[in-house]
Amino acid sequence: MNINKFNLIMNSLDEDLLLEAKQPLKSTKNRNYLWIAAAACIALLLVPIFGIQQGVTPSELSALGYNISLPETVANPKYQLIKTADSEKAMASFSLHGNRYTYEVVKADQPTSVSASSSSSDSVLNWKSNGLDLYMVQSDSDISLSWYLEESHTQHTLSTSADMVQLLNTAREVLLLTGLDLANAPENAENIQYRVFLYSDLVVAETTFLYNNSQCTYRMAVIQEIPESIVDISELNSSFSSVIPGNVDYCLAKLSFNPDKDGKIIWYDVVPGIAYSLSVDSNATEDFLLQLANELFEPAQGDVY
């Protein structure tokens with residue numbers, strides 16, 4: 001390039017471009033650090049809003065409307081508050097009787113059907129006990145029990161890899177702390193156990209207990225269609241010397257027993273559609289069976305199943 005062409009090109013350059021060319025180059029590395037630092041600051045600001053808050057206390061969760069009460073015998077309890085853009089839940093994990101549990105509480109205006117969110121391969125049971133709608137979902141890896149508390153508008157789910165009986169007994173311990181009980185047993189009853197099982201396509205909730213030196217079994221199951229006669233879910237099929245009619249509150253009942261030995265009473269509440277049975281292995285008399293059945297029975301009229 002000759003000198004004349006060079007001068008021509010230089011004279012045609014914009015003065016602003018020449019001034020910019022004289023400035024030292026800015027490091028892109030520094031600019032990247034600035035973006036990273038800004039993103040980190042934003043992330044720190046968002047942690048209380050979205051994410052997991054570790055180390056929260058039960059009292060802090062209670063102040064937010066999540067009442068998580070655990071039995072005193074639990075080991076290694078850990079509490080969390082988990083937030084996302086559209087949901088929030090409180091969670092506690094703990095060990096009890098050698099098993100690990102996860103307890104979740106979410107706010108809800110109405111009960112959430114756990115069966116709706118379960119997969120087709122899961123086993124789902126739904127029943128009612130002492131005014132609670134209960135859902136149990138069992139998969140290959142774990143089993144969970146869910147219930148809804150109307151007073152606090154919260155859905156509760158307890159999960160574990162243990163078996164059904166252990167889950168139900170732990171759930172009962174948790175509910176007892178809130179003044180509720182899964183089991184139906186009289187005062188002064190001992191060795192109270194609670195379980196749920198399928199019998200003739202019915203979901204049966206069962207409470208067993210020792211009372212007045214008799215081993216007693218109290219069962220209930222929802223019947224979808226009105227039966228022609230009282231459905232017997234007791235599974236007590238002895239030959240009885242006495243079979244007489246009776247009443248448990250407003251419900252027609254049938255008593256079958258061998259005096260001072262084993263016996264049962266069965267009845268059906270037609271309004272909600274629930275079949276009941278109470279069986280004893282000893283001390284069976286008409287008075288004892290009727291007295292205990294009326295003590296255990298809580299009318300559920302008006303409830304929808």
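Please treat every number below as a calculation from the coordinates, not as lab data. Computed from a predicted structure; not experimentally measured. Every residue, glycine as well, gets a Cβ built from its backbone with ideal geometry; the counts of neighbours run over all protein chains shown.
A few points about this structure:
- Relative packing of 89-101, 191-203, which averages over residues the other C-beta atoms within 10 Å, highest first: 89-101, 191-203
- Summed residue charge, Cβ within 13 Å of E187's Cβ, Lys/Arg positive, Asp/Glu negative: -3
- Summing charges over neighbours of Y211, with a neighbour being any other residue whose Cβ is under 13 Å away from its Cβ, gives -4 when K and R count +1 and D and E count -1.
- For T285, residues with placed amide H under 5 Å, excluding near neighbours: D260
- The calculated pair-distance distribution of the range 160-275 uses every alpha carbon pair, bins of 10 angstrom beginning at 0, and gives 12, 37, 37, 13, 1 percent.
- Set of aspartates and glutamates near K83 by C-alpha distance (under 14 Å), chain-local residues within fewer than 8 positions excluded: E104
- A simple packing score, the average count of other Cβ atoms within 10 Å per residue, orders the peptides 265-276, 217-228, 151-162 as 265-276, 151-162, 217-228, with the highest score first.
- Label-to-label distance, nm, for residues given as L180 and S242 (7 Å Cα→Cβ offset): 3.9
- Relative contact order (percent, whole number), the range 51-176, Cα cutoff 8 Å, 6+ residue spacing: 19
- Net +/- balance of residues flanking G246 in space, Cβ distance below 15 Å, scoring K and R +1, D and E -1: -4
- What you get for the range 190-296, charging only the Cβ of Lys and Arg (+1) and of Asp and Glu (-1), is a dipole of about 100 debye around the Cα centre.
- Taking the range 203-305 and dividing mean pair separation by its residue count, relative contact order in percent (alpha carbons under 8 Å, at least six apart): 27
- Reciprocal mean inverse distance between Cα atoms of the range 51-176 - Kirkwood radius, Å: 15.0
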